[in-house]
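Quick notes on the structure that follows.
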Amino acid sequence: MADFKLTTLEEMETATNRLLETGAKVGADGWQMRVKNQTPHCKFGEQGICCRICTMGPCRITPKAPRGVCGCDAHGIVGRNFLRFTAGGAATHSDHGRAICETLRCAAPDGAYKVKDPEKLIRIAKEWGVETEGVDIYDLAHKMAKLALEEYGKVDGFQNWLSRAPQHTQDLWKKAGIAPRAIDREVSCAMHMTHMGCSSKPEALIRQALRNGLSDGWGGSMAGTEFSDVMFGTPRPIDTEANLGVMKAEDVNIVVHGHDPSLSELICDWSENPEMIALAKSVGAKGITVSGVCCTSNEVAMRRGIPMAGNFLQQENVVLTGACEAIVVDVQCIFPGLGPLSKCFHTKFVTTSPIAQMPDSDYIEFDPENANESAKAIVTMAIENFKNRKPELVYIPDMKQKATVGYSVEAIVKTLDGVTNSQVDVTGTTKPLLECITSGVIRGAVAMVGCNNPRVRPDYAHVELMKKLIANDIVIIASGCSAQAAAKAGLMSKEAKDLCGAGLKRVCELADIPPVLHMGSCVDISRMMVLAATLAKDSGLNISQLPVVGCAPEWMSEKAVSIGNYVVATGLDTFLGVDPYVSGSDQVTELLTNGVRDWVEAAYVVEKDIDKLGDLMIQRIEEKREALGI
Ligand code: SF4
Ligand code: MSK
């Protein structure tokens, strides 16, 4: 459409500055100010050469002091820090997956949680060799939940879901000694290996980092994704909107933030309840608007079309609008700064998980057993808080974009089935997508993931890279805060097809898709692994031969390192725009950017110049095409 226009970063920054002015009036600070206070950052930390894992230290490596008190050198310290970083991320994702399995155990036909995708549950059960014939679907759900929970502590063997990978990939994992065993065991093993006086050999530490990452991507995260689909439905394309303009001044605004859909799904249910809407009207509001931040937002956007207020570095902005009655959080990526910030406004900062307890919040513990009661109490609290709003502080930037979200693997396969002119019956395979790639209509695909980080101008790397890649006929599959960056800018609007090269534009038109496909939250990067595995199986290629790469240009969290490790270990080169604190060891850097290729046929690339990072990805995709002769 001729009048389609992306929202520019400058427009978003102007809106943020206006919100910060409100913050200044009420004595609130924001991450922008705290970054200044923390700059310059510690150089030892940045290089990964500070060790404080025993009280003989902390030890810092310098040319004059090349070894810590125990004799560990920079390579051991950097490698240990990298592995501990991975373990933190793998534990976090996997515990999210565990919570989803626990919720599935409570599913009941008349309860708060139901089985919304029984076909998927049966499919998984068959995959795991569980009898499904004549079994009640809820009995099956409880049995599968228990089996999935046992994956966390299984005594023998490897993760069940490894069998989804092509045989070649499974063989590589076994040969490299990185096939993940019990999920919890890989985290424990990582912590044990990095204890004082255990491993200091980079190769051993990096192998365990890959194995621990795989226990997340092909274990805990996959459980989180798959059983969320079973309970809340497998995402299908759905229209929504993104950016702060989705909040409505005349409504009670509830913002859900975090990662676990068990909470946010029920908040959405209760916000649609006529009793609650009547209550909202009784306090002078027109209705209730729920919007989301971070991955919780992705979860409810792709299943219910709930609008996305923003991504990671926009979480404080929702409070700064002065129109947020409650920001309701579960786990992960929640700024503790929301506590003091919300005190400067009327906003209720509602924490709900024993895992993420914070000062200056209202704690309403949420567990699957009392889910409806807690959700109702939270929505009621938000509504009753509407009267405390200070109208003079209300400013919601008039800024939002249309987005079509919800491209699970199942949805992509279904949507692209109609694209090519193939005479072959391709229903239920990725062959149409492969045909687009081999014919050159699409050059390849990039899995764009990860956070924002003040080290990079927020959203700049995500948006600029996506624009560059789609102009080069490379389709983007995005998740996490990268997906929200795209949606806020307008890149998940179908109208963004005009920014594509001719080939990708044609595919977007024929399939009626946006050029950047929303695949969900951080745990949903496991969907990307399933897609890569399916593409490899359907093409007869190895995953590493596919013209597909991963990219996290603005990542910040331990979870992102765990993700990077399983994406690389699955055979996909992974491009980072932020250094993972390994520059203090040339040995560890060499292993991650080259050496691991001997084990898993892929490696990391770190490049802080975003334009160059884009060029390197395009170059790698073209190299892969050339190697295949396509
Ligand atoms: Fe220092 Fe070694 Fe202790 Fe680390 S483990 S703090 S390098 S003495
Ligand atoms: S929420 S891990 S800031 S992507 Fe998953 Fe966003 Fe990164 Fe958190």
>> Using a 7 Å offset from the Cα along the Cα-to-Cβ direction at both D579 and C54, what is the distance between the two label points in nm, to one decimal?
In response: 2.8
> Per-residue ellipticity at 222 nm for the chain, helices alone: DSSP H runs ≥ 4 residues times -39500 (n - 2.57), over residue total, nearest 500 deg cm²/dmol?
Replying inline: -14500 deg cm²/dmol
> Counting only the backbone N, which residues of segment 585-620 are under 11 Å from the spot 7 Å out from the Cα of A471 toward its beta-carbon?
Replying inline: none
> What are the DSSP H helices in the chain that stretch 18 Å or more along their long axis, judged by alpha-carbon atoms, and whose average Kyte-Doolittle hydropathy comes to at least 0.0?
Replying inline: 137-150, 371-385, 525-539
>> Net charge within 12 Å of I364 by Cβ-Cβ distance, Lys/Arg positive one each and Asp/Glu negative one each, not counting I364 itself?
In response: -3
>> Considering only C-alpha atoms, what is the centroid distance from segment 61-121 to segment 193-225, in Å?
In response: 9
> Just how large is the dipole of segment 402-628 about the Cα centre, in debye to the nearest 20, putting +1 at every Lys and Arg Cβ and -1 at every Asp and Glu Cβ?
Replying inline: 500
> When DSSP assigns beta bridges and you keep just the ones with both residues in the chain, what percent turn out antiparallel, to the nearest 5?
Replying inline: 20
> In percent, how large is the relative contact order of segment 244-393, given Cα pairs closer than 8 Å and 6 or more residues apart?
Replying inline: 28
> Can you give the net charge of the other residues whose Cβ lies under 12 Å from the Cβ of F349, counting K and R as +1 and D and E as -1?
Replying inline: -2
> What shape does the chain take by its C-alpha gyration tensor, where a ≥ b ≥ c are the square roots of the eigenvalues and a/c under 1.5 counts as rounded, a/b above b/c as prolate, and the rest as oblate?
Replying inline: rounded
> Using the Cα gyration tensor of segment 68-232, with a ≥ b ≥ c the square roots of its eigenvalues, what is the shape: rounded (a/c below 1.5), prolate (a/b larger than b/c) or oblate (neither)?
Replying inline: prolate
> D156 versus N388, label points 7 Å from Cα toward the beta carbon: distance in nm?
Replying inline: 5.8
> Which links in K146/K175; K348/K400; K36/K494 stretch past 28 Å when you go from one Cα to the other?
Replying inline: K146/K175; K36/K494
> Label V26 and A249 with points 7 Å out from Cα along Cα→Cβ: what is the distance between them in nm?
Replying inline: 1.6
>> 5 Å is the cut-off here: which amide hydrogens, built 1.01 Å from N in the peptide plane, fall below it relative to M308, excluding neighbours closer than 5 in sequence?
In response: E241, A242, N243, G292
>> Within segment 226-273, what whole-number % of the accessible surface is contributed by carbon and sulfur, with the 1.4 Å probe and all protein chains included in the calculation?
In response: 42
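Per residue, how much accessible area does segment 68-232 show when a 1.4 Å probe rolls over the protein heavy atoms, in square angstrom?
37
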>> Tell me whether segment 244-393 comes out rounded, prolate or oblate; compute the Cα gyration tensor, take square roots of the eigenvalues as a ≥ b ≥ c, and use a/c under 1.5 as the rounded threshold.
In response: rounded
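The values are calculated or read from the model by the stated rules, or taken from the named source; none is laboratory data. None of these values were measured; they are calculated from a predicted model. Glycine gets a Cβ as well: all are built from the backbone with ideal geometry, and neighbour counts include every protein chain shown. For accessibility, only protein heavy atoms count, side chains too; no ligands or nucleic acids. Shrake-Rupley method; radii C 1.70, N 1.55, O 1.52, S 1.80 Å.
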